[in-house]
Amino acid sequence: MSKLARAFLRHPSGRIGLAIISLYLIAALLGIVGLTPHDPLKLFAIDRLKPPSATYWFGTDLLGRDTFSRLMVGIKQSMIIAFCSVGLATLFGTVIGLLAAWWGTLWDGILMRIMDVLLAFPAILLALLIIAIVGPGTSTSVAAIAIVYTPIFARVVRGPALSLKQRDFVDAARTFGSSQPYILSHHLLLNLVAPLAVQVTLALAWALLTEAGLSFLGLGTQPPTPSLGLMLAESKNLMTQAPWLMIFPALTIMLGILGFNLTGDALRDILDPRTQRREA
Amino acid sequence: MTPLLSVRDLRVGFGQNPAANEVVKGVSFDLAAGETLAIVGESGSGKSVTALSVNRLVDFGGGRITNGSIILQRSDSSTLDVAKADEKVLRTIRGRDVGMIFQEPMTSLNPVHTVGAQIEEAFRLNRGLHGAEAERAALEVLERVRIPDAKSRLAYYPHQLSGGMRQRVMIAMALASSPRLLIADEPTTALDVTVQAQIMALLAELRAETGMSMIFITHDIGLVAGIADRIMVMQHGLAVEQNTTDAVLDNPQHDYTKHLLNAVPHFTSGKAVRADNERTATSEPIIKVDDLVVRFPVKKGLFKPKGAIHAVDGVSFDLMPGETLAIVGESGSGKSTTARAILGLVEKHRGAIAAKAGRSRRPIQMVFQDPFASLNPRLNVEALMAEPAIANGQKLDDTLRDRMRFLLDRVGLPADVLNRYPHQFSGGQRQRLCIARVLMLNPDVVVLDEAVSALDVSVQARVLDLLVDLQREFSLAYLFISHDMAVVERIAHRIAVMYAGQIVEIGEARAVLSDPQHSYTKRLISAVPAVERRRQHFAVDATQVPSLVRPAGYEPPPANWREAGQDHRVRIEETK
C-alpha cells in the first residue's frame, strides 16, 4: 500500500488531485462538526449582498447568509451524497456484473439487458424520473444517483470478469474443488480491484455533478440546507449585482470534479499493468 | 571476398542510460553471402537484440546502439554502416536488403487485409509493382512458399489460415524484395513439430534457390543443426562461442555450449525410455477412459443446421497406478481436451471416465502449461498453496503450513517464499510451485498438460528430473500431455498418439518410438529436430490436418485396430 501512496505522490496529477480532494474532505468534516466561520443558516439582515471581505470571505447572499460557511456545508452535503451513491452503485454494479459473467448465457442476457435499458437514458433524466416518482430529498438523491451509475459498474466488472473466468488459474481452482464464492472473491474480484478503483474515483466526479444538477433543478437537497447546486440556482437572478454568489459555488463544483478526475487519471496510470511491468 | 555483413564489437543498451544497461555487450561476427548463421541462446541472452540491430528495428523497442559497427554490403556493392545510418537510409534497407520474419505470424500480419493485399503491398513498396503485375507476383511468391491452391488463398484473411500457412505468408512477404539477408527470429517456435519441419525444409530450399544469407535465431540448438553453416552461442549478451556447425556441435569448447547440448532433449528413437515400470495383469487401473467423445457445437446461422467440432472422438485408454502415460499430438489433436474432460473442466458428450477411489477426495490433479497464467497474480504463495486444502475442508493452520514448507522444499524452492507473489519467481520456479500445489491434496494421478513446454531447455531438463523423482516418492501416476517426442521419451512408460481427435497408436513407449506403425506417428517422429540428425534431408510436406467440424448427426466409422506386438496397438488406416 505504501508503494501505491509513493507512486501517487510521484504522479503530478495524482498529487494535485489528492490535494484538492483532501481539501474538500477537510471542509466537509468541518462542515459536519459545525466549525464554519459563521452559522450557515443565520440571517445577517444588515449585511445583505455584501461582496467578499475580511468578515465574509466569499460575500453574503440576498438574505445575508455567509457564502463561505454555506459552501462548506454544501461540500459536506455533496460529498455525503456522492460517496453514498457511488458506494451503493459499486456494490450493486459489481455483484450484478460478476454474477452475469459467472453464470453466463441466460442470466448474463437478462441482467445485462436490464443494465442496457438503464444505460440508454441520459443520467440526469433517469434521476429526474426516479425523483419524480419518489419525491425529492437527500436519500432519494442517493438512491437515484446510485441507480444511474450501477450499469456502468456492471459493465466495467463484467468485461474483465468474462476474460478472467477463462484463465487457467480459475480452471485450476475448479480442479481443486474450490467453492464458487471462493473463486468469485479470490480469483475474480481480487483481480478487478484496479479497474474498479479507477472507476470509483471517476464516478465520484460524475456523482458530484449529478447531485449539483439535481439540486439546481430543486429536486435534490431541499432548502434551507445549503447545497452547491441550490446556491447556484439562487444566484442566477443576481448574476450582475452579486457575481460572487455564482462564481464561488461554480468554482467549487468545477474544482471538485477536477480533483476526482485527476485522481482517477493518476490511478489509471499507476494501476495499468503495462506501467507496472516496466517498474518490475 | 568481403563479407555481406560484418559486425564488430556491437553493444546495445536499453532505458535512460543505455551504456549502463547493456543487453548486448560487444558481439562481433561476419556473415558471407549465401551463408546461414544461427544465433542460439536462452531467453534474455541478447540473441534477438543482436539480430534486430542489423536492420536497426531495435530502435523501436527502445534500444540504443552504444558502440560498434555493422557494415552491410548493399546490392550495388556499396557498403554502409547500419549502426550510424539515419532513419531515411534505414528505410531503404529494411525489406529491400534485409528481410525479416517473426515468431508469431498472427500478430505480424494485419488482420483486416487479405494476405494477397498484404503481399502485393510488399511488392508495391519494394519493387514498384502495381495492379495485375503485383497480383501476379504475389501469386508466384505464394506458390514458391509451397502454399497449395495459392490462387484462392490470396483472398483469405490471416485468421482463416493455420499457423504454418501464416508463417509461409510472412516468408512470402519477406521474399517479395529478394532480400540478400533474411533474419528469422524464432520463426517456428509457435508452430507444431511437423509444421516446424515443413517450414525448416522450406527455408532450406529457398536458401538454395535464391542464394540469400540468413540469420536464424532460436533457443533450440537441436533445430539449427539441419540448416546452419555457422553457429554463434550467446549467453548474457556475449557471444561465448562461434564456429562452424559441425565444430560447435561435435566439439563444443565453452562450458555453456556443452551445458546447452546436454540439456537439449536428445531423441533416440526409444533407446532412452524409462524401464522402471512393468505392467502386471493383476493390477487395476486407476483411471479407465472408455469411448470418450467431446464435441463443441458450432452455430452456422439461424436456419442452417448446427454442426459440431469433434474435438475428441472415441478415445479409450487406461492408466495404472505409478505409471506415466504420455499423450502425444499436435495442436488441435484433442489431447488437452481429453485431459480437461477427465478433470470435468469440459463436458463430455458420451463415454465413461472411471476413476478408482484414491487417497483423497480429489485423486486427479492437473498442472497447466503456462505457469504465468495458472497462478493468480494477486495471491501470495501461502494463499495459493492453501487453496486446494481449504477447498477440501481443511483449515489454514500450522500443520498445513508445515506441509507447504515440506512440499516447497521437496520441489526445490526455499521455504521462506510463503509471502512472496508469483511475479517474483522465474518460469521454472513457478512451474515447481504449481507442482507443489497439486501435491497438497496427495493425489494419485497428476495430469501434466504441456507442463514443461514453456520452459527454457535447461530448466525443462531439471523439472523433468524432479517429476520422475516425485513420481517414485509419492507413487503418482502421470498423464503427460506433450507435443515434444524427445521430452516424452524421457518420462513416459506408455505412449498414446493422438491425431484429429482420435488415438491412432497406443502402446509401450519403447515399442511406439522405435517401431512406429501408423503413418502419422512416423511423420511426427521424423519431424523431431535433433543434433544427431543434422545431415538428414527433409522434404517439404504440406499435408494438412483434416477439418474437425462435422455436420450434425455425423458419427465416425468404428475404429479397427490391429496388434503390432505385446501392448502395442495401431488403428488401421483407411486406404484412399
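The values are calculated or read from the model by the stated rules, or taken from the named source; none is laboratory data. Note that the structure is predicted; figures quoted are calculated from it, not measured. When we count neighbours, we look across all protein chains shown, and the Cβ atoms used for this are built from the backbone with ideal geometry, even at glycine. Note: accessible area is taken over every heavy atom of the protein model, side chains too, but ligands, DNA and RNA are not part of it. Shrake-Rupley method; radii C 1.70, N 1.55, O 1.52, S 1.80 Å.
Do we find that A:Thr210 is within 30 Å of A:Gly135 (Cβ to Cβ), in contact with a helix residue (DSSP H, G or I) (Cβ under 9 Å, 6 or more places away or on another chain) and not in a helix (DSSP H, G or I) in this structure?
no
Would you kindly identify the helices (runs of 4 or more DSSP H) lying entirely within the stretch B:1-108 that contain at least 1 residues that are open to solvent by 50 Å² or more (accessible area, probe 1.4 Å)?
Correct list: B:87-93, B:105-108.
Going by the conditions given, is A:Ser53 small (Gly, Ala, Ser) and not in a loop (DSSP other than H, G, I, E, B)?
Details: small (Gly, Ala, Ser): yes; not in a loop (DSSP other than H, G, I, E, B): no.
Answer is no for this residue.
Kindly indicate which of A:Ser185, A:Ser178 is within 14 Å of chain B (Cβ to nearest Cβ) and not in a helix (DSSP H, G or I). Spell out how you get there, then give the answer.
Numbers: A:Ser185 fails: not in a helix (DSSP H, G or I).
Being within 14 Å of chain B (Cβ to nearest Cβ) and not in a helix (DSSP H, G or I) holds for just one of A:Ser185, A:Ser178, which is A:Ser178.
Could you name every one of the strands (runs of 3 or more DSSP E) located completely within the stretch B:296-390 that has at least 3 residues being away from every other protein chain (no Cβ under 14 Å)?
Details: elements: B:307-319, B:324-328, B:350-355, B:364-367.
Fully inside the stretch B:296-390 and qualifying: B:307-319, B:324-328, B:350-355.
On the given criteria, is A:Ala207 modelled with pLDDT of 90 or more and within 30 Å of B:Cys434 (Cβ to Cβ)?
Details: modelled with pLDDT of 90 or more: yes; within 30 Å of B:Cys434 (Cβ to Cβ): no.
So A:Ala207 does not fit the description; no.
Tally up the residues in the stretch B:221-276 that are part of a loop (DSSP other than H, G, I, E, B) and among the basic types (Lys, Arg), please. Step through it out loud before you land on a result.
Just the residues of the stretch B:221-276 that are part of a loop (DSSP other than H, G, I, E, B), to begin with: B:225-229, B:236-237, B:251-254, B:264-276.
Filter once more, so that each one left must be among the basic types (Lys, Arg): B:271, B:274.
Qualifying residue count for the region: 2.
Just give me the residues in the stretch A:213-248 being among the small types (Gly, Ala, Ser) and surrounded by fewer than 21 Cβ atoms within 10 Å (Cβ to Cβ), in sequence order.
A:Gly213, A:Gly218, A:Ala233, A:Ala242
Can you find a residue that is in the same structural domain as B:Val40 (by TED's automatic domain parsing), more than 16 Å from the chain's Cα centre (by Cα) and open to solvent by 10 Å² or more (accessible area, probe 1.4 Å) anywhere in the stretch B:187-205?
yes
Please count how many residues of the stretch B:166-195 are over 30 Å from B:Ser75 (Cβ atoms) and out of contact with any Gly (no Cβ under 8 Å at 6 or more places or on another chain).
Residues in the stretch B:166-195 being over 30 Å from B:Ser75 (Cβ atoms) and out of contact with any Gly (no Cβ under 8 Å at 6 or more places or on another chain): 3 in total.
Given the residues B:Asp291, B:Asp229, B:Asp246, which is the only one that is of a type in the set (Asp, Glu) and over 22 Å from B:Ala33 (Cα atoms)?
That would be B:Asp291, the only listed residue that is of a type in the set (Asp, Glu) and over 22 Å from B:Ala33 (Cα atoms).
Just to be sure, is A:Ser69 out of contact with any helix residue (DSSP H, G or I) (no Cβ under 6 Å at 6 or more places or on another chain) and not in a loop (DSSP other than H, G, I, E, B)?
yes
In the list A:Asp66, A:Asp39, A:Asp61, which residue meets the criterion of being open to solvent by 50 Å² or more (accessible area, probe 1.4 Å) and acidic (Asp, Glu)?
Result: A:Asp39 is the single residue among A:Asp66, A:Asp39, A:Asp61 that is open to solvent by 50 Å² or more (accessible area, probe 1.4 Å) and acidic (Asp, Glu).
Go through (1) over 19 Å from B:Phe480 (Cβ atoms); (2) facing chain A (nearest Cβ under 9 Å) for B:Phe406 and report which single condition fails.
The single condition B:Phe406 does not satisfy is (2).
Out of B:Pro414, B:Pro321, B:Pro388, which single residue is without any contact (Cβ under 8 Å) to a residue 60 or more places away in the chain, at negative phi, more than 28 Å from the chain's Cα centre (by Cα) and surrounded by fewer than 19 Cβ atoms within 10 Å (Cβ to Cβ)?
That would be B:Pro414, the only listed residue that is without any contact (Cβ under 8 Å) to a residue 60 or more places away in the chain, at negative phi, more than 28 Å from the chain's Cα centre (by Cα) and surrounded by fewer than 19 Cβ atoms within 10 Å (Cβ to Cβ).
Could you tell me whether any residue of the stretch A:132-142 is closer than 30 Å to A:Leu184 by Cα and in a helix (DSSP H, G or I)?
Yes; the residues of the stretch A:132-142 include at least one that is closer than 30 Å to A:Leu184 by Cα and in a helix (DSSP H, G or I).
Would the stretch B:162-170 turn up any residue that is touching a strand residue (DSSP E or B) at 6+ places or on another chain (Cβ under 6 Å), among the aliphatic types (A, V, I, L, M) and either more than 30 Å from B:Leu72 (Cβ to Cβ) or modelled with pLDDT of 85 or more (or both)?
So far as the stretch B:162-170 goes, yes, one or more of its residues are touching a strand residue (DSSP E or B) at 6+ places or on another chain (Cβ under 6 Å), among the aliphatic types (A, V, I, L, M) and either more than 30 Å from B:Leu72 (Cβ to Cβ) or modelled with pLDDT of 85 or more (or both).
Please find, among B:Asp409, B:Asp402, B:Asp370, the residue that is under 31 Å from the mean Cα position of the chain (by Cα), outside the structural domain of B:Phe480 (by TED's automatic domain parsing), over 26 Å from A:Gln166 (Cβ atoms) and surrounded by fewer than 21 Cβ atoms within 10 Å (Cβ to Cβ).
Just a single option satisfies the conditions, and that option is B:Asp409.
Does the stretch A:194-212 include one or more residues that are more than 14 Å from chain B (Cβ to nearest Cβ), in contact with a Pro (Cβ under 9 Å, 6 or more places away or on another chain) and surrounded by 20 or more Cβ atoms within 10 Å (Cβ to Cβ)?
Narrowing the stretch A:194-212 to residues more than 14 Å from chain B (Cβ to nearest Cβ): A:198-212.
From the residues that got through so far, the ones that are in contact with a Pro (Cβ under 9 Å, 6 or more places away or on another chain) too are A:212.
The next check asks that each one be surrounded by 20 or more Cβ atoms within 10 Å (Cβ to Cβ); those that pass are A:212.
Yes; the residues of the stretch A:194-212 include at least one that is more than 14 Å from chain B (Cβ to nearest Cβ), in contact with a Pro (Cβ under 9 Å, 6 or more places away or on another chain) and surrounded by 20 or more Cβ atoms within 10 Å (Cβ to Cβ).
May I ask you to list the residues in the stretch B:31-50 that are within 19 Å of the chain's Cα centre (by Cα) and of a type outside the set (Val, Ile, Thr)?
Of the stretch B:31-50, the ones within 19 Å of the chain's Cα centre (by Cα) are B:38-45, B:47-48.
Correct list: B:Ala38, B:Gly41, B:Glu42, B:Ser43, B:Gly44, B:Ser45, B:Lys47, B:Ser48.
Of all residues being within 9 Å of A:Ala207 (Cβ to Cβ) and of a type outside the set (A, V, I, L, M) in the stretch A:71-83, which is surrounded by the most Cβ atoms within 10 Å (Cβ to Cβ)? Just the residue, please.
Ranking the qualifying residues of the stretch A:71-83, first place goes to A:Ser78.
Against the definition (surrounded by 15 or more Cβ atoms within 10 Å (Cβ to Cβ), farther than 30 Å from B:His236 by Cβ and among the basic types (Lys, Arg)), how does B:Lys348 come out, yes or no?
Answer is yes for this residue.
Hey, among the residues in the stretch A:150-175 that are crowded, with 19+ Cβ neighbours inside 10 Å and more than 27 Å from B:Ala339 (Cβ to Cβ), which one's nearest to the other protein chains (Cβ to nearest Cβ)?
Ranking the qualifying residues of the stretch A:150-175, first place goes to A:Val157.
Can you pull out the residues in the stretch B:417-426 that are more than 14 Å from chain A (Cβ to nearest Cβ) and either in a loop (DSSP other than H, G, I, E, B) or open to solvent by 20 Å² or more (accessible area, probe 1.4 Å) (or both)?
B:Leu418, B:Asn419
Is it true that A:Ile147 is part of a helix (DSSP H, G or I), within 28 Å of A:Ala194 (Cβ to Cβ) and open to solvent by 30 Å² or more (accessible area, probe 1.4 Å)?
Yes: the conditions hold for A:Ile147.
More than 21 Å from B:Arg168 (Cα to Cα), outside the structural domain of B:Ser53 (by TED's automatic domain parsing), out of contact with any Leu (no Cβ under 6 Å at 6 or more places or on another chain) and surrounded by fewer than 20 Cβ atoms within 10 Å (Cβ to Cβ): is that true of B:His130 in this structure?
Yes: the conditions hold for B:His130.
Can you list residue pairs whose Cβ atoms sit under 9 Å apart, with the first residue in the stretch A:177-196 being closer than 11 Å to A:Trp102 by Cβ and the second being among the acidic types (Asp, Glu) and open to solvent by 20 Å² or more (accessible area, probe 1.4 Å)? Count only pairs 6 or more apart in sequence or on different chains.
Matching pairs, first to second residue: none at all.
What is the residue count in the stretch B:448-503 for residues that are open to solvent by less than 10 Å² (accessible area, probe 1.4 Å), modelled with pLDDT under 90 and assigned to a loop (DSSP other than H, G, I, E, B)?
Number satisfying all stated conditions: 3.
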